[in-house]
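S.K.: For reference, the structure I am asking about is given below.
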Amino acid sequence: MVDTRFHRFAGPTTVGTLLRALERNDLLQDLAAPDLMIDGATDLDVAGANDLALAAHVSYTDALKSTAAGVVIVSQALADAVPEDCVALVCDKPHHLFADVLDYLYPNSTRSVIAGGRDDLGEPVFEADVMIGTNVVLGQGVEIGRGSIIGANTVIGAGVTIGRNTTIAANCTIDCAHIGNGVVIHSGTRIGSEGFGWLDFGVSNRKLPQLGRVLIQNNVEIGANATIDRGALGDTMIGEGTKIDNLVQIGHNCRIGRNCIIAAMSGLSGSTIVGDGVLMGGGVGTSGHLEIGAGSVVHGRAAVTKDWPEGSKLAGAPAQDIMDFWREIAAMRKLSKGVKRG
């Protein structure tokens with residue numbers, strides 16, 4: 001469910017009213033429950049009877065079959081997988097319709113929370129011994145726990161919560177985030193910025209609404225000038241005790257486990273899942289929508305393009321098991337020594 005501390009909800013509406021507002025009268029024909037009330041949009045696996053969700057690809061099939069969502073926007077290929085008690089809105093471009101729905105339910109005019117305008121959240125709240133540096137900007141409804149330090153020129157958007165004994169250095173921006181205790185965030189870091197999500201690549205490049213959050217658990221450290229994007233609809237999550245180096249990019253909906261190490265210049269594309277205790281060398285990249293199992297080691301400059309199980313040791317581009325990588329290098333060297341020059 002979209003966190004309304006960060007994104008205002010336009011108010012409950014019926015399915016019929018929603019479709020008429022979007023001028024989708026084609027979907028109103030034979031609609032089973034036009035008066036069903038919609039209380040929000042969310043992911044299939046957490047949706048309830050009054051939520052709307054999306055199933056646009058065959059990879060959604062299992063989640064679709066078990067969803068409790070009241071309404072699902074689906075492609076024709078998935079229409080038969082919709083549960084009997086769920087209203088199906090079947091269309092050719094489900095992602096586009098879902099983006100229209102999100103823009104209607106969570107209007108663009110309410111999405112920029114750093115700009116303020118959230119008087120409904122009340123004044124910022126501090127516990128004891130909080131230190132606020134020069135020129136810090138705090139949005140409405142910000143909560144900061146005991147003993148935390150906020151460095152000069154940092155901007156914290158409306159609704160953000162920060163735990164106890166957390167240090168946020170100078171010149172950071174934090175938006176759409178809940179941050180735990182004992183966290184250290186170094187200078188220039190950007191947390192909660194919009195994820196990189198688009199439709200009609202190379203044609204209209206329509207922005208997909210980015211309505212999720214960033215959740216940072218206790219004792220995480222984030223290096224200077226790192227960027228962690230908020231989720232598109234769910235959450236980007238950083239697990240307890242994880243350490244992230246300078247200049248790391250973490251895309252929307254990534255889930256990083258506990259006690260991971262991610263070295264500088266690494267970039268994780270959206271929806272990358274990293275298990276507990278994973279070690280990543282400098283400059284590692286992932287192609288997104290994949291999982292790296294707990295305890296894996298990914299050597300520097302590796303390019304991970306598919307799922308890998310627990311305890312994997314990876315190197316190369318594309319990444320492969322490190323023993324295979326070294327065998328290939330040895331074979332290439334042997335071949336090159338056999339080439340006559342001159």
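S.K.: So His178 clears everything in (1) open to solvent by less than 10 Å² (accessible area, probe 1.4 Å); (2) outside any loop (DSSP other than H, G, I, E, B) except one condition, right? Which one?
M.R.: Unmet for His178, out of (1) open to solvent by less than 10 Å² (accessible area, probe 1.4 Å); (2) outside any loop (DSSP other than H, G, I, E, B): (1).
S.K.: If you scan the stretch 183-199, which residues turn out to be crowded, with 20+ Cβ neighbours inside 10 Å and in a strand (DSSP E or B)?
M.R.: Result: Ile185, Ile191, Gly192.
S.K.: For the stretch 117-137, enumerate the residues that are exposed (fewer than 13 other Cβ atoms within 10 Å of the Cβ), more than 12 Å from Ser148 (Cα to Cα) and charged (D, E, K, R).
M.R.: Of everything in the stretch 117-137, those that are exposed (fewer than 13 other Cβ atoms within 10 Å of the Cβ), more than 12 Å from Ser148 (Cα to Cα) and charged (D, E, K, R) turn out to be Asp119, Asp120, Glu123.
S.K.: Residue check: is Arg20 open to solvent by 60 Å² or more (accessible area, probe 1.4 Å) and free of Cβ contacts under 8 Å to residues at least 40 places away in the same chain?
M.R.: Against the criterion (open to solvent by 60 Å² or more (accessible area, probe 1.4 Å) and free of Cβ contacts under 8 Å to residues at least 40 places away in the same chain), Arg20 qualifies.
S.K.: Additional query: Among Gly231, Gly202, which is within 22 Å of Gly285 (Cβ to Cβ) and open to solvent by less than 10 Å² (accessible area, probe 1.4 Å)? So that I can check it myself, show each step before the final result.
M.R.: Working: Gly202 fails: open to solvent by less than 10 Å² (accessible area, probe 1.4 Å).
Residue meeting the stated conditions: Gly231.
S.K.: Scan the stretch 54-70 for residues that are at pLDDT below 95, buried (at least 17 other Cβ atoms within 10 Å of the Cβ) and in a loop (DSSP other than H, G, I, E, B) and jot them down.
M.R.: Correct list: Ala56 only.
S.K.: Is there a residue being open to solvent by less than 30 Å² (accessible area, probe 1.4 Å), closer than 28 Å to Asp103 by Cβ and either aliphatic (A, V, I, L, M) or outside any strand (DSSP E or B) (or both) anywhere in the stretch 279-292?
M.R.: yes
S.K.: Take the residues in the stretch 294-319 that are touching a Gly at 6+ places or on another chain (Cβ under 7 Å) and among the hydroxyl-bearing types (Ser, Thr, Tyr), then tell me which one is farthest from Ser271 (Cα to Cα).
M.R.: Ser312
S.K.: Does the stretch 209-223 include one or more residues that are open to solvent by 10 Å² or more (accessible area, probe 1.4 Å), among the charged types (D, E, K, R) and either part of a loop (DSSP other than H, G, I, E, B) or at positive phi (or both)?
M.R.: Looking through the stretch 209-223, none of the residues is open to solvent by 10 Å² or more (accessible area, probe 1.4 Å), among the charged types (D, E, K, R) and either part of a loop (DSSP other than H, G, I, E, B) or at positive phi (or both).
S.K.: Continuing with the same structure: Name the residues in the stretch 201-220 that are without any contact (Cβ under 8 Å) to a residue 60 or more places away in the chain and in contact with a His (Cβ under 8 Å, 6 or more places away or on another chain), would you?
M.R.: The answer is Gln210, Val214, Leu215, Ile216.
The values are calculated or read from the model by the stated rules, or taken from the named source; none is laboratory data. This one's a predicted model, so the numbers in the text were calculated from it and none came from an experiment. All Cβ positions, glycine included, derive from the backbone under ideal geometry; neighbour counts span all protein chains shown. We work out accessible area using only protein heavy atoms, side chains counted, and drop any ligands, DNA or RNA first. Shrake-Rupley method; radii C 1.70, N 1.55, O 1.52, S 1.80 Å.
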